[in-house]
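First the structure, in the form of structure tokens, and then the observations on it.
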Amino acid sequence: MYQQIYIRKYGAASVLSIEDKKEESTALASDEVNVEVHYSGINFADIVMRLGFYKDAPPKPFVPGYEFSGVVTQVGAEVKNHKVGDRVYGGSVFGAYSSEIRVKNWMALSLPENFSLEEGASLPVAFITAYAALFEMARVRAGDKVLIDCASGGLGTLSLKMLKAVGANVTGLTSSNSKKGLIESLGACARTHHEFWQDTKDDRYDFILNSQGGGSIMRHYDRLGPTGRIVCLGLSEGIKGGGRHFLAIAKAAIQMPRFSVIKMFDQNRGVYALNALKLMEDSLYIKKNLEQFNKITQWNLKPIIGKIFPAKDVVLAHQFIENKRGQGKILLAWR
């Protein structure tokens, strides 16, 4: 018997249900591993899909979750890179809110010896997203002036560590003054969103990571210098307090800018949109970029863990994130 957390209808966090499941009866595929999950990572996309605003989510009912860590309990006949008892962390295209999971062997990575299982579950989505945005799309280099608009969460704090490793000059934004100390401890200048927008200085950035979406994209775009790049990866501006606020999401969507290539010739700036799920779905991309995960040990990318909730308290965990109380990564513990 194992457990999974389901979204059976859209709505507030209370719609999440934890359910007992019988052990899988079908045989393990030759290229799969079975993992006893110890921790599942929570991402903002999980909030969006629970509200019914995530177009790539599977039909209801489904088990959300993109990342996990745990111990291998079974390996397929052709698996050579793992054995029973190995500590692993990895990704899953949905289904990771589960106390047991089967994945392709290349989606489970060996956990470095000096990393805990908690840290392992905090890494997959944040690392894939941050690496793609910072170094594949934006090509950030030493000395670049960078703005991260979600700097105190799991993705933001890992991004700050990665940017420090390459010598970028970083400003991190957050929702409250109480979170500025964490950002500063990671080597970045810290400001609240309010302080940033009230500032009349004509600062120009080489790269901006935008998670808010809506009207903030154009305002950030206007703060780019020549050859500056912006990567957009969310619509948090449209999510208010965990309810299904159609007006807020509609307003944010309407305010999303439409860029004209003709007009962009005069501005010499680049605009990217990033959906990490699509990267995780692309087996060729993931396999090609697996070696980049070596940066985790090379740069000692120990993630900041904000709070760990028992899996049975998943409702409280989602509410905690929606109310912007968290700093660092928020996890679910199964054991």
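The values are calculated or read from the model by the stated rules, or taken from the named source; none is laboratory data. All of these numbers come straight from a predicted model, not from anything done at the bench. A quick note on method: Cβ atoms are made from the backbone with ideal geometry, for glycine too, and the neighbour counts reach across all protein chains shown. The area values use the complete protein model at the heavy-atom level, side chains included, leaving out ligands, DNA and RNA. Shrake-Rupley method; radii C 1.70, N 1.55, O 1.52, S 1.80 Å.
Only one entry of 5, 18, 47 meets the criterion of being in contact with a helix residue (DSSP H, G or I) (Cβ under 9 Å, 6 or more places away or on another chain), under 15 Å from residue 277 (Cβ atoms) and outside any loop (DSSP other than H, G, I, E, B), and that entry is 47.
With respect to (1) open to solvent by 40 Å² or more (accessible area, probe 1.4 Å); (2) part of a helix (DSSP H, G or I), the lone exception for residue 81 is condition (2). Residue 229 meets all of the listed conditions (1) at pLDDT 85 or above; (2) charged (D, E, K, R); (3) out of contact with any Lys or Arg (no Cβ under 9 Å at 6 or more places or on another chain) but one, namely (3).
The requirement of being under 24 Å from residue 306 (Cα atoms) and modelled with pLDDT of 95 or more is not satisfied by residue 235. Could you tell me which residue of region 21-37 is farthest from residue 312 (Cα to Cα), considering only residues that are outside any loop (DSSP other than H, G, I, E, B) and open to solvent by less than 40 Å² (accessible area, probe 1.4 Å)? Taking the candidates together, the pick is 32.
Might you check whether a residue that is in contact with a Pro (Cβ under 7 Å, 6 or more places away or on another chain) and open to solvent by less than 30 Å² (accessible area, probe 1.4 Å) occurs anywhere in region 131-152? Among the residues of region 131-152, not one is in contact with a Pro (Cβ under 7 Å, 6 or more places away or on another chain) and open to solvent by less than 30 Å² (accessible area, probe 1.4 Å), which makes the answer no. Within region 281-335, being basic (Lys, Arg), open to solvent by 40 Å² or more (accessible area, probe 1.4 Å) and not in a loop (DSSP other than H, G, I, E, B) holds for 287, 288, 295, 307, 312. Of all residues in region 194-217, those being loosely packed, with under 15 Cβ neighbours inside 10 Å and in a helix (DSSP H, G or I) number 4. Checked against the criterion of being within 19 Å of residue 278 (Cα to Cα) and touching a Leu at 6+ places or on another chain (Cβ under 9 Å), region 70-85 contains not a single residue that satisfies it.
For region 261-280: of the residues being farther than 27 Å from residue 330 by Cα and assigned to a helix (DSSP H, G or I), which is least open to solvent (accessible area, probe 1.4 Å)? Here the answer is 264.
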